[in-house]
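In what follows, a structure is listed as structure tokens, so that the remarks can point back to it.
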2 protein chains.
Amino acid sequence: MKVGRKWSAVAAAGVLLGAGMASAAGEVPTTATSAAQMAVRMFPSGSSAVILCSGDPKSERSDLVAGQALAAYLSAPLLLTQSAVELGPNTLQSLSQLSVPDANPIGDVQPYQPAPGKPKVYLVGTKDSLSGSLVNQLESLGYAVQDLRTDSASALLSEVQNIVAPPFPSPSDAPGFPGKWTTYAGDQAHNPFYPVPDSAPSWEKEGVMWNFPEKAAVPLSQEFPDLRQLGMRGAPVKMTQSLGNACGVTAVDGVIYAESDDAHLYALDAKTGQLLWQAGPTVNALMGNPIVGDGLVYVTAGDTGFSFSQVLKFMLSQGKMQLVRGLTYSAIYAYDQKSGRLVWRQDFQGNAMPSPALVDHAVYEATGDGHLYAFDSKTGKSLWTTDLGGFDSMSSTNYWRDPETGRVEIIVGVSDANNVVAVDAQTGKVLWKQPTTLNIFNTGMGDNTPTVDQENGLVFQDSVVDNDPKTNTVDLAIYAMDARTGKMVWSTKLGRGSSPPAYKAGVAMVHDGVVYVGSPATSRYYALDEKTGHVLWTFHFQNSGPAGAGRGSAVYAYDRLWVAAGPKVYALDPKTGKELGSYEPGGRFGIVNPVIVGKTMYLGNSYDWIQAIPLSKIDPTVQSSGA
Amino acid sequence: MKVGRKWSAVAAAGVLLGAGMASAAGEVPTTATSAAQMAVRMFPSGSSAVILCSGDPKSERSDLVAGQALAAYLSAPLLLTQSAVELGPNTLQSLSQLSVPDANPIGDVQPYQPAPGKPKVYLVGTKDSLSGSLVNQLESLGYAVQDLRTDSASALLSEVQNIVAPPFPSPSDAPGFPGKWTTYAGDQAHNPFYPVPDSAPSWEKEGVMWNFPEKAAVPLSQEFPDLRQLGMRGAPVKMTQSLGNACGVTAVDGVIYAESDDAHLYALDAKTGQLLWQAGPTVNALMGNPIVGDGLVYVTAGDTGFSFSQVLKFMLSQGKMQLVRGLTYSAIYAYDQKSGRLVWRQDFQGNAMPSPALVDHAVYEATGDGHLYAFDSKTGKSLWTTDLGGFDSMSSTNYWRDPETGRVEIIVGVSDANNVVAVDAQTGKVLWKQPTTLNIFNTGMGDNTPTVDQENGLVFQDSVVDNDPKTNTVDLAIYAMDARTGKMVWSTKLGRGSSPPAYKAGVAMVHDGVVYVGSPATSRYYALDEKTGHVLWTFHFQNSGPAGAGRGSAVYAYDRLWVAAGPKVYALDPKTGKELGSYEPGGRFGIVNPVIVGKTMYLGNSYDWIQAIPLSKIDPTVQSSGA
């Protein structure tokens, strides 16, 4: 047999699996050794998971169908036992070779690097084909075992099917959830709180807890990757920009949708944290929250970088040249909300980091090439493109609907020149620009997502101002503008502090006459009177480190203000700013707003995990205080 | 049955597979429908390949073992037929759902987006279990079929094993190949030509032809992705920086190693183009050529970007501040040469785009944070770090061994300040710096990889100079330096032309007293007298477009000069520069040097393909002129 001979030659050269594994010349390979050889070759640096099925030729085929599906779902190798009651020496040797090597001399973690050590073994088969003694043998050798053995073949298929293709929730399964998500943080005011009706199932009313690791996930207990290279100021910023979830998640009809820098979109069951579907890789990092409506999920891909020619031209023009932000590919994608199938895609020149807005069956995205684009929500057909006169960094589009005329304004911030710009949603005509008279620094308005009080016709936006290069300090100014004219209603400076790395602003939230906003310059949270800008109270995030905290917006629920900042989530008294409770779920939050449905808080973090936390973990008094 | 009920509910909501696919309430799911449901759920946007095995419960289990392995290898879904002779309606429906949607309204291609259309179907099973009528049925429905059916179960396993885990070549299988690859383009002179002995196998002596698509591959016949957004000047540069293979490949002991912007390292059989192993994803794009020696393969990950804070500080300092190049994560990796297992990894602050050099069991890498790092080749232990006084962009490290003292100099170019720097390999002490007196522009010396004539003690390097912002034109200057002192021996300007986007230089190659170098400013290739810098001839690349051509180094073989530029490979007369032949293999070349072993040219391209071309395709007269 030609193949047997070659494998033998390879093994003789010390390449592969050791002499025990290779078929001798002329020998017919057995199924178990073939599977092992193929698995080890395809997963040379090991795997965190291994699927184990029976190698007994008399076992049912459905075992292998289930094992194949789970292997595909986990991107894991599949091995076969050498009988129903023993793993066999070849299988054991392959299992050992599939451990993940400890390859970094100083122990740093990095994205896409699975934790060193032995794989978790998933036993997939009926109890007839895989004996319970295998579990004992594996555990005695130090392997963690996930025992998926069942009594019957059909039960096994059902069980695995429930893992890899769990049922998609229907809206009636999750009555507390909104049915769409049309703008950043759920609504114009950026207050994503969804109380549930009395008829809601207990998981919604009591809250659930789970952690879901995305593709680049690093362990929640580890220090920041590249901490030694980048320090406490740079390392967390790099995680937010290049590793995990930059912003918050989206909750629609019992499903959590989340975007990651790992270039994938995830749809999870909000109750269980199970993956329903994933899409990707996209052409670049996904850094906003998914927008859901018209049956589709809209996400945009981009990055924070500049090319050297942009750097040089900007320097030579003394900052006068309009920059294009975005180093590599950039696009907007629309996926079917329920199946995850790609429906349409359009490409951009500059980055598309911020989230789009969906209004009246059109999708609006502002990009790093300084334009606002409008697309038909169902087909992706381009409706119009408008020059904004400055690049968008991370400013997601918001909107205001004029109650008198019905006209919709698309509102977004841009950098260089710094402006808040309002554009007619129908025609693409620029309606107003507000530059402020303040001394804006750095990416300024283009980093921050505007907040809209639809009823009172106000737009809130903030930016760093008054940079002092000697002390490397800045102030953070927040502005209230008239939504119809862009005229400044008030502006308030919140206080000086170290110039924050990257996203140098906090996203505001407005609720019941009060604007809530954080400042990463001072690592404080503020409540301001919506009409005057007078500061009502401040709250200080302790131990937020040199990167600062307070970028993500808060959510108002159950007479509390909930905020994610640094490694913690907080419950504050919205009247006084007094801390009512806090919780450290592991990881660290970038520009993340909590989303609250019933008694669960949903978040994505910079470690590339999606998290569900019952509110009672953060503030134990919330359970009794009720909805 | 709980699961059956839920699937039914899902189907009733119109989510999934149509009424025909879902099990009715209480019904036990069959193996075929389960496999189909799981496959469609896990591959919501379809797949370019589908594995088809028999759903007959009486078929051998080894069919499914083979099918599972091929599905893992191709990252493809696996479906089952409903009998040995017919696909069945559910399987056909799933197959139809696994077609790739045509999702871009204007038809653009992008990395990671498979071509729209029906999947290719791989039939995996014995002829007993999968009838030949299935092939006819599939083909009549418009599916391309790869018929892998065999007469016996053991033959099937062997066949699939040969695809997913082909034998690793031994050095004696490929006698013409070098046994290591210690520096960029194979040796200090950057002339990667390896003639084969008379005893070599015919495939080495005659040449082979194959194309291997990497993970982000776009069809070779398509126009550049984002051409509409970026134009003919920007679109090909973005491919080189963010999509495919920026530089050339590595050839060692019958294996082609190639790095891609898709963040994977590939090891292919040089004879067949079959994948032997792949490693990744790494933390960032891989943009050099893999360095091979001491049993390991060394690759480095980085990107071309700058952060906004770097942009701003550079502007405010009027270009005086030392820039850090590199936006996201960056590292060096060492993999086992034969198995692909990760052995060690170290992380950097700035980018690590250029290739390292391996000298005397130490690995040297210069990075975007302006340092040269030395590591023990086997353990990755840090030996020393030296400040270079400027950032490295794409300048790979080279070396010169002083024949009198035995001292090894590590030689590299850096930008801002622009210098060629020589560092003592043992101590990390800077031995000399050569800034030249010319007016260097842009990334200058830090983009270009120095070339060393070991015997004559000369270092060659080039950079763009004399920028004229009014016409956006530059000249390209090439320098010869004394390797021991860094003293300038000569410099020659090659002529003005449009300032090229990105990599603004050509890598030089020196052979037998002549320096060969291209200029993307003029899109010409030049031969210069090594001792004087006098130009001997020039050759003009026709139709190279506004991005320019001539970045990659040439290879001298069989009395011809072989160059890859733009969409073509050329054979030139090294005495006159006259074109002897050319060939258009599909795709486009970035900073790619051809590698020639025997009568085959090996290349990687910006479309994310690795290519093998017999020399006779480029110059039909080469076969008879012989080695």
Estimated D of segment B:297-413 in µm² per second, where Rh is the Kirkwood radius over Cα pairs and Stokes-Einstein applies at 37 °C, 0.692 mPa s: 219
Could I get the Rg over Rh figure for segment B:381-442? Both from C-alpha atoms, Rh via Kirkwood, rounded to two places. 0.99
Could you work out how far the C-alpha centroid of segment A:79-139 sits from that of segment B:521-540, in angstrom? 59
Can you list the equivalent-ellipsoid semi-axes of chain B, largest first and in whole Å, using the square root of 5 times each Cα gyration tensor eigenvalue? 48, 26, 23
Longest segment of chain A with no GluC sites (Glu not before Pro) in a DSSP loop having at most 16 other Cβ atoms within 10 Å? A:224-403
Please report the projected area of segment B:383-519's Cα convex hull averaged over all directions, in nm². 8.0
Under a crude label model (7 Å from the Cα following the beta-carbon direction), how far is B:Thr538 from A:Lys493 in nanometres? 5.9
Please compute the alpha carbon radius of gyration of segment A:527-568, then divide it by the globular-protein estimate 2.2 N^0.38 Å. Two decimals is fine. 1.32
Checking segment B:360-438 for trypsin sites (Lys or Arg not before Pro) in a loop per DSSP with at most 16 other beta-carbon atoms within 10 Å yields B:Lys378, B:Lys381, B:Arg407, B:Lys429
Count, for each residue of B:54-65, the Cβ atoms from other chains sitting within 10 Å of its Cβ, then give me the mean as a whole number. 5
Along Cα→Cβ at 7 Å, what distances in nm separate the B:Pro197 label point from those on the other copies, shortest first? 8.4
Label-point separation (nm) for A:Asp573 and B:Ala115, each offset 7 Å from Cα along Cα-to-Cβ? 6.8
Once you have the Kirkwood Rh of the protein assembly as shown from its Cα pairs, apply Stokes-Einstein at 4 °C and 1.567 mPa s and quote D in µm²/s. 41
Alpha carbon centre of segment B:264-309 versus segment B:434-495: separation in Å? 28
So which residue of A has the beta-carbon closest to the axis that swings A onto B, and how many whole Å away? A:Gly305, 1
If each residue of separation counts as 0.36 nm, what is the full-extension length gain between B:Asp482 and B:Met321 once their alpha-carbon separation is subtracted? 55.0 nm
Once normalised by the length of chain A, the mean sequence separation of its alpha carbon contacts under 8 Å that are 6 or more apart gives a contact order in percent of 11
Loop sites in segment A:534-627: trypsin sites (Lys or Arg not before Pro), DSSP, at most 13 other Cβ within 10 Å: A:Lys575, A:Lys578
Partner chain Cβ atoms within 10 Å, averaged over the residues of A:152-162 - can you pull that number for me? 5
Please work out the FRET efficiency for the pair B:Ser152 and B:Glu86, using the Cβ-Cβ distance as r and a Förster radius of 25 Å; give the result to the nearest 0.05. 0.60
Taking only DSSP H segments of four or more residues, each worth -39500 (n - 2.57), what value at 222 nm results for chain B once the sum is divided by all its residues, to the nearest 500 deg cm²/dmol? -5000 deg cm²/dmol
Of all C-alpha pairs within segment A:189-294, those more than 18 angstrom apart amount in percent to 57
Three principal axis extents, largest first, for the C-alpha atoms of segment A:193-237, in Å? 53, 20, 16
One decimal, nm, shortest first: give the distances between the label point of B:Lys487 and those of the same position in the other copies, each label point 7 Å from Cα along Cα→Cβ. 7.7
Can you tally the net charge around B:Asn191? Count Lys and Arg as +1, Asp and Glu as -1, for every other residue whose Cβ sits under 12 Å from the Cβ of B:Asn191. -3
Which net charge results for the neighbourhood of A:Lys617, defined as the other residues with beta-carbon distances under 14 angstrom from its beta-carbon, given Lys and Arg at +1 and Asp and Glu at -1? 0
DSSP beta bridges in chain A: the antiparallel percent, rounded to 5, is 90
Which three lengths, in whole Å and largest first, does segment A:163-223 cover when its Cα atoms are put on their principal axes? 40, 32, 23
Using modelled amide H (1.01 Å from N, peptide plane; none on Pro or chain starts), what sits under 5 Å from the amide H of B:Leu276, excluding residues fewer than 5 places away? B:Ala267, B:Leu268, B:Asp269
Which whole number gives the average count of other chain Cβ atoms within 10 Å of the Cβ atoms across peptide A:100-109? 5
What angle do you read, to the nearest 10 degrees and between 0 and 90, between the alpha-carbon axis of helix B:2-12 and the longest principal axis of chain B? 80
What does the copy distance list look like for A:Ser382, label position 7 Å along Cα→Cβ, in nm and ordered from shortest? 4.9
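Laboratory data are not the source of any read-out in this text; all were calculated from the coordinates shown. Everything quoted here is computed from the prediction, not taken from an experiment. Every residue, glycine among them, receives a Cβ derived from its backbone with ideal geometry; neighbour counts consider all protein chains shown.
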